[in-house]
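The values are calculated or read from the model by the stated rules, or taken from the named source; none is laboratory data. The structure presented is a predicted model; accordingly, all values stated were derived computationally and were not measured. Here the Cβ is made from the backbone with ideal geometry for all residues, glycine too, and neighbour counts use every protein chain on show. Side chains included, ligands, DNA and RNA excluded: accessible areas come from the protein's heavy atoms. Shrake-Rupley method; radii C 1.70, N 1.55, O 1.52, S 1.80 Å.
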Amino acid sequence: MVIKSPLSKLLVYTFLIIMSLFFLMPIYVMIITSLKPIDEVSLTQMWALPSTVSFEAYAFAFERLAPNFLNTIYLVVPATILSALFGSLNGYVLSKWKFKGSDWIFTAILFGMFIPYQSILIPMIQFLQTVGLYNTIPGLILVHVVYGIPITTLIFRNFYASVPVDLIEAARIDGAGFLSIYLKIIFPLSISGFVVVCIWQFTNIWNEFLFAVTITSTGSQPIMVALQNLSGSQIVQWNVQMAGALLAALPTLLVYIFVGKYFVRGLLAGSVKG
Amino acid sequence: MQNKKFLSDRWLAILFILPSIIVIAVFVYVFISWTGYVSFSNWNTLTPDLSFAGLQNYMFLFNDYRFQSGMRNTLFFTIFFIFGVLFMGFILATFIDSNIKQEWFFRNVFLFPMALSFVVTGVVWQWLLNPSTGVNLLFGMLGFENVPNWYTSTHIAFSFPLGSIEFGIPVAMLAVVIAAVWQMTGFSLAMYLAGLRGIPDEVKEAARMDGASEFQIYRKVIFPMLMPITISVVIIMGHMSLKIFDLIYAMTGSGANFVTDVPGVYMFETTFRANFFANGAAIAMIMLALVAVIMVPYLISARKGES
């Protein structure tokens, strides 16, 4: 749409600015509340700026959440890398080494990313208890790698579809096989694919709650479970809750701020047709 | 020679994807079957009891006040949520696409909530839509006297008795819809923006030359061309809202009279807090069936559109 008249331009800007205020409102409340000293936290003064900037809420929230923050880092890093590697290999096979029925196998794998995870939780917990991984970070890593396979496979398969067949054919004539084509041609071309997939997986696993709250209890709980406990607790002041929410959101927010372009690409790829 | 190598490479390719196929077969399909099996059992105690119970768990749910409330809430949540995300995403994408200078700023303001966890969204909006603080204070400053009760309202609008519940629009659910639309508008905005940029200017120019008004261009050219995107957004958002759990668990819980309860929360609480495993499994199977009804045709049509 190209807007020419100054009046409609004014209307468009007014609308966009009002919507921006609406979208930024929660961030404003989070920041000012988290910086208030305890005695200034009152329900009726929610929108008022703090008279002095205090970090006591952050200190308290950090003390409560730091162990869980570390748990999430131990979970997110290996789970992201492993699921990206699986996705890359699967995408390579499903786009460049198609076999009879491979397209149907791809669809069957893809279905795994849309199921409500409630429908696998009971056997999953029985399984993790049997193999001794229940209530452990490695157990959660396993879960996130497994259920990350569909989305990472999808993104890499679409990504490799744009690698010209001629390139593969030429390499094959030169005597390169399945593995050397992957290592010498596909993998070096995959850098931006890996960036998209890793950012997507990092954000999703960091933010995930259902597996985290059912598979872990005290000790190995990730950050989001700890944040939920913090906000559910009656004795915790809400400036501490806001500070905690900001701390928990900070890593994915930073990822968005610095490499948001790749995040949006992952977002669009998730709609199947890419 | 060349052919023989190619053949063994084909087997190598299958060998490399086999672990993923086995893992998905077990962790998705075998596990779902096991949940289905549990849903027909008597396992409603801490210790597993897998004796056959027939349809008992499903019959219990269909007559259950809480489950019926959850289904009603999910229905209206889905409708308002999808409508909100489509509408906001389309309007914002259209305006952002109108050659404004600060495009970068506005796009990021509307997209960043996508990077947040539903738990964070729930914690913050719980305070913003708390009846005694938050947004209501702003309304008070503007002079409104009858401020909404948001998620604490127990009112069911346009209601009539159906089954064991009052069927109608649960007003409390609209507060959750606001938080969910705030978080997910970025998705449809990004999709529509990509779609609008994909429509060549010549197409619009040609319609304009033919004397079409701006409104007609939207109705006859732009809407039809964006249809596949709209369908994708409806399906992705629709299946999300059928599964919704974390936002509601963090923001409101099941609410007084279960006005904000959903099957995802019910399943979690009845299974892992009260040990009704067979009932929980039955809820999970119903959720899966609802998701499958919209996802399977979508995946098959995506598959066919490709080949």
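Below are the figures for this structure:
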{"read-out": "Restricting the range A:171-191 to residues that are loosely packed, with under 11 Cβ neighbours inside 10 Å and at the interface with another protein chain (Cβ under 9 Å from one of its Cβ atoms), the residue that is nearest to B:ASP9 (Cα to Cα)", "value": "A:GLY175"}
{"read-out": "Helices (runs of 4 or more DSSP H) wholly inside the range A:181-258 that include at least 1 residues being among the aromatic types (Phe, Trp, Tyr)", "value": "A:191-207, A:210-215"}
{"read-out": "Any chance A:PHE263 is closer than 30 Å to A:ASP103 by Cα, within 11 Å of chain B (Cβ to nearest Cβ) and modelled with pLDDT of 95 or more", "value": "no"}
{"read-out": "Within the range B:161-206, tally of residues that are open to solvent by less than 60 Å² (accessible area, probe 1.4 Å) and in a strand (DSSP E or B)", "value": "5"}
{"read-out": "Any hit, the range B:253-261, residues being under 14 Å from A:GLN118 (Cα atoms), modelled with pLDDT of 95 or more and out of contact with any Pro (no Cβ under 7 Å at 6 or more places or on another chain)", "value": "no"}
{"read-out": "Residue pairs meeting the criteria (Cβ under 6 Å; at least 6 apart or on separate chains; first facing another protein chain (nearest Cβ under 7 Å), in the range B:119-148; second of a type in the set (Ser, Thr, Tyr))", "value": "B:VAL123/A:SER231"}
{"read-out": "Complete set of residues in the range A:125-152 that are open to solvent by less than 10 Å² (accessible area, probe 1.4 Å) and either within 12 Å of chain B (Cβ to nearest Cβ) or touching a strand residue (DSSP E or B) at 6+ places or on another chain (Cβ under 6 Å) (or both)", "value": "A:LEU128, A:VAL143, A:VAL146, A:GLY148, A:ILE149, A:PRO150, A:THR152"}
{"read-out": "Single match in B:PHE110, B:PHE76, B:PHE62, B:PHE87 (criterion: at pLDDT 95 or above, within 23 Å of the chain's Cα centre (by Cα) and more than 30 Å from A:VAL264 (Cα to Cα))", "value": "B:PHE62"}
{"read-out": "Extreme residue, farthest from the other protein chains (Cβ to nearest Cβ), among residues of the range B:245-303 that are of a type in the set (S, T, N, Q) and under 26 Å from B:VAL234 (Cα atoms)", "value": "B:THR260"}
{"read-out": "Options B:PHE6, B:PHE40, B:PHE52; residue that is open to solvent by 20 Å² or more (accessible area, probe 1.4 Å) and in contact with a Gly (Cβ under 8 Å, 6 or more places away or on another chain)", "value": "B:PHE40"}
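Results for (1) among the hydrophobic types (A, V, I, L, M, F, W, C); (2) within 10 Å of another protein chain (Cβ to nearest Cβ); (3) more than 20 Å from B:ALA274 (Cα to Cα); (4) assigned to a loop (DSSP other than H, G, I, E, B), shown as yes or no for each residue.
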position	(1), (2), (3), (4)
B:VAL30	yes, yes, yes, no
B:TYR37	no, yes, no, no
B:LEU46	yes, no, no, yes
B:MET71	yes, no, yes, no
B:LEU75	yes, no, yes, no
B:PHE87	yes, no, yes, no
